[in-house]
């Protein structure tokens, strides 16, 4: 076998083709034909794809199976018409995989369905029509939308089901309203639950929407859901979002005995995310869940999150960053007022990734975000308090640092050092509502980052604050 794969010489492909033609179709030589066909795929013999298509279309048994496997490896965008002919002649999952592999080689996703749609127009058998629809559904080319809708009206049950599956599996939002309508009013129970599952997937995969907007959409879906099966799907999706509104929905659902288990799982997942932005709210919800749930696994996970919250309270780890900015020397980096100081509205802020190391959860790593030496970066956040409070900002930085609170410079320390929590402490007064913190961190060389914690004047963790 290996010798066949590595066989050299200009006549190798011709010899393999001749061998296939002599051995194919005879039971005695099927093993030989199968090995030769496998060799075509392993060698990548482009000139022999035609014979692979012929074997896949006309033969049965192991040789045909190997032809399909080799085609899956070898097809290109130019093979879509041949793959469509194969799909029309042999409508099954193997032919569908070949057609999908060929169409996906077309660079423009909005042009992948054209040849399949053209061939589908002349396909007469329901089995072949269903196979084409399954492939089109996975491609997601908008050109196919109207064709799929048309086949939803077919008189054949198999074709209608395939068109429905294509709509429900569709990766984009072209069928959003169709899916929503089915999720609300489909008479068939199995169709309704499948449609509702697709509806939730589309809601949560909405590009350009904020977490709050997605949660609002899920809240509307919860109102549409008239059965526990559908409501449980919403709760499972809610668990992916760390917003207070998501937590409110899950807490409300926990009062329904039919939804209690799923709601409690959602509460724990949501609180895991809220632990950094609204630790007090998460703590209260987790403590309530521990008291009320009979589920030992939920209790254990909730307690682990509570333990982490106790360690993390007061540390601010949700930031946006901008930079890097450069100057002639370290002192100039520290002294120069770059754009975030003078025109923050003109800055392209971006989320700063959180630490993946639990032992340094407090570290905001600018070296990982920006890299480089002899430069500066800025980070900003907004903390929200229910009332005016005196506080201490505990600051660590690598290297020099400046801090503004609500637009006023409150701290500057031009040093070179590693990040250590609470290296600097600044007494401040935080106002009720929103308080914006802006930090500038200078990089000499080596590590680059910062940390910030808000405490009470006596150094105890400040509870009740949230991060916007």
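Each value in this text was obtained by applying a stated rule to the coordinates, not by laboratory testing. Every value quoted in this text rests on a predicted model; they were computed, and no experiment measured them. Positions of Cβ are backbone-derived with ideal geometry, glycine not excepted, and every protein chain shown enters the neighbour counts.
The spacing between segment 160-226 and segment 385-463, judged by their C-alpha centroids, is 45 Å.
Extension gain for the segment residue 252 to residue 417, taken as residue separation times 0.36 nm less the Cα-Cα distance, is 54.5 nm to one decimal. Evaluated at q = 0.15, 0.20 Å⁻¹, a Debye calculation over the C-alpha positions of segment 320-467 (equal weights, vacuum) places log10 I(q)/I(0) at -0.74, -1.32.
Once you sort the root eigenvalues of the Cα gyration tensor of segment 197-312 as a ≥ b ≥ c, which label holds: rounded (a/c under 1.5), prolate (a/b larger than b/c) or oblate (the other case)?
Oblate, because a/c is 1.5 or more while a/b does not exceed b/c.
With both labels modelled 7 Å from their Cα along Cα-to-Cβ, the residue 326 to residue 304 distance reads 4.5 nm. Under the shape rule built on the C-alpha gyration tensor, where the axes satisfy a ≥ b ≥ c, segment 63-179 is oblate, since a/c reaches at least 1.5 while a/b does not exceed b/c. Between residue 343 and residue 105, the distance separating the two model label sites (each 7 Å from Cα on the Cα→Cβ line) works out to 5.1 nm. For a Förster distance of 25 Å, can you work out the FRET efficiency between the beta-carbons of residue 161 and residue 229, rounded to the nearest 0.05? Approximately 0.80, to the nearest 0.05.
Each label was represented as a point 7 Å from its Cα along the Cα-to-Cβ direction; for residue 295 and residue 177 these points are 3.8 nm apart. Inverting the pair-averaged 1/r between distinct Cα atoms of the chain gives 27.3 Å as its Kirkwood hydrodynamic radius. If R0 is taken as 22 Å, the Cβ-Cβ distance between residue 42 and residue 92 corresponds to a FRET efficiency of 0.40.
Seen against the Cα atoms of the chain and their longest principal axis, helix 189-204 is set at about 50 degrees. Rounded to the nearest 0.05, the FRET efficiency derived from the C-beta distance between residue 190 and residue 236 at R0 = 25 Å is 0.85.
Once you have the Cα-Cα distance between residue 28 and residue 60, take 0.36 nm times their residue separation minus that, and quote the gain in nm to one decimal.
Working: separation 32, 0.36 × 32 = 11.52 nm, distance 1.40 nm.
Fully extending the segment from residue 28 to residue 60 adds 10.1 nm.
Counting only alpha carbon atoms, the long axis of helix 296-312 and the longest principal axis of the chain meet at about 50°.
Order these peptides, 264-271, 80-87, 142-149, 351-358, by their mean beta-carbon neighbour count within 10 angstrom, highest first.
Top of the packing list down: 264-271, 80-87, 142-149, 351-358.
Can you pull a Stokes-Einstein diffusion coefficient for segment 355-400 at 10 °C (1.306 mPa s), Rh from Kirkwood over Cα pairs, as a whole number of µm²/s? D = 117 µm²/s. Let me know the whole percent of all Cα-Cα pairs from segment 427-468 that are separated by more than 16 Å. More than 16 Å apart: 52 percent of the Cα pairs in segment 427-468. Gain on full extension, evaluated as 0.36 nm per residue between residue 210 and residue 382 minus their Cα-Cα distance, stands at 60.2 nm.
Across segment 317-400, counting alpha-carbon atoms alone, Rg and Dmax equal 14.4, 44 Å.
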